[in-house]
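Here it is, the structure in full.
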Amino acid sequence: MNAHLEIVNKILSADKTDSIPPQKMAGSSDSSVYLANGKIYRLGNVVAITADQKLYAEFSQAGCLDIFPNILRTIRYDSTMVIEMEYVGKKTIEEMLLSFDGQEKEFERLNLINLKILALINKFFLITVDSKNSQSDKVEAYQELLVALRLNLEKAAMFDDVALELLDRLEKNSDVFMADMKLSKIHKDLSVGNIVIGPDDEPRLIDPRTAIPNLQVGSVWGNPAFDLVGYQISLLRKEAELKKKNPAISFKRLIKNTDLAIQQGISAKRFNQSIVELCQAVWYSIYCACSCDYCLSKERVWLYQDMKKGLAMKLETLSELLRL
Ligand SMILES: Nc1ncnc2c1ncn2[C@@H]1O[C@H](COP(=O)(O)OP(=O)(O)OP(=O)(O)O)[C@@H](O)[C@H]1O
Ligand SMILES: [Mg+2]
């Protein structure tokens, strides 16, 4: 039996619960997620799980109680740490989208859930917005985007002289992107796979990150455009995947409403159009740099090519924007 499963079984027997066998939800050799006894157990090395625990504690102290699952306790077994958390729902919005059969009634339900997700992201911003909004924190959050873009371009073998010049200009013209930039806590890995839909179709965000995917360290603060764009691009990806099987399927309305939420963020001066473009480039670069089995599978080479095209287009837009 693998070590993580053994630990979950130890916890269950210490609790004297006659539970059905733990169900594996996700995992690699480093970390795994199990559902057991009506709770979620996330297991991993002490450093990674302590970072997760701190993040959840910070969100909970800030008052984000119905945005993320509640953390019930953390338990340490030698070099493995376990977070026991509230089980907030059976399906992610990704699973709901993938099982969508084109029925109008189900589409109306998805549309309402999408609006609730956008409202939740808005609430997350309002609860955690940084009243200080200091220049040095803004610079740090902006730098995180640039570091991620550079690293992902390198990983995707797309880092050339043109990209180098663009990054240099992005660095020098930070004021173009930081005008109107408000800081708040953000999820940093918001995609359809990290949103669980609970009873009454209420969404909750799971699996937040301390840094943008692929980075080891990140800024304490972020800008909400990054989460909105991450969510939107993951919707576009799911739509493209489903269209391959059934060309009649369209998530146009969901995507349009996400666009409206982005436009509202611009009107409310939480971020400007330029940083939205930069966040889009960073998100495409994350997918281009990803080497997980899902992204690399042969049947989805076309999706990887789509991400490369998306990234190339965004780099072009940013270059145009900076031809000052
Ligand atoms: N609190 C929770 N309530 C309900 N389901 C959860 C919860 N946490 C995790 N899950 C389920 O477990 C899956 C994996 O969890 P999570 O996203 O935290 O792990 P992960 O390591 O990022 O996995 P993946 O790479 O698949 O996203 C989720 O897709 C979801 O189905
Ligand atoms: Mg996840």
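Any idea what diffusion coefficient the stretch 170-214 gets from Stokes-Einstein, in µm²/s, Kirkwood Rh on alpha carbon pairs, 25 °C, 0.890 mPa s?
Translational D for this selection: 186 µm²/s.
Related question: May I ask you to derive the FRET efficiency for Gln23 and Asp160 from their Cβ-Cβ distance with R0 = 45 Å, giving the value to the nearest 0.05?
That pair, Gln23 with Asp160, gives E of 0.50.
According to a simple spin-label model (label point 7 Å from Cα along Cα-to-Cβ), what is the distance in nm between Met313 and Val46?
According to this spin-label approximation, the distance is 4.8 nm.
Follow-up question, since we're still on this one. When Thr258, Thr80, Thr128 are ordered from fewest to most other Cβ atoms inside 10 Å of their Cβ, what list results?
Neighbour counts put them in this order, fewest first: Thr80, Thr128, Thr258.
Another question, if that's okay. Among the aspartates and glutamates, which fall within straight-line cross-link reach of Lys244, defined as a Cα-Cα distance under 12 Å, with same-chain neighbours fewer than 8 residues apart omitted?
Hits, sequence-local ones excluded: Glu299.
Turning to a different aspect of this structure: In the structure shown, do any of Lys91/Lys185; Lys138/Lys243; Lys185/Lys269 have a Cα-Cα gap over 28 Å, and if so which?
Checking Cα-Cα distances, Lys138/Lys243 exceed 28 Å.
Let's test the formula: R0 of 45 Å, r as the Cβ-Cβ distance of Ser136 and Ser291. What FRET efficiency results, to the nearest 0.05?
0.85
Whole Å is fine, so just give me how far the alpha carbon centre of the stretch 25-88 lies from that of the stretch 151-198.
The stretch 25-88 and the stretch 151-198 have Cα centres separated by 27 Å.
Cβ under 12 Å from Ser234's Cβ, Ser234 left aside: what net charge do those residues give with Lys, Arg +1 and Asp, Glu -1?
Residues close to Ser234 contribute a combined charge of -3.
Counting only the backbone N, which residues of the stretch 193-235 are under 12 Å from the spot 7 Å out from the Cα of Asp66 toward its beta-carbon?
Only 199-204 pass the distance filter.
Just so you know, all these numbers are worked out from the coordinates, no wet-lab data involved. All of these numbers come straight from a predicted model, not from anything done at the bench. Reconstructed Cβ throughout: ideal geometry from the backbone, glycine too, with neighbour counts over all protein chains shown.
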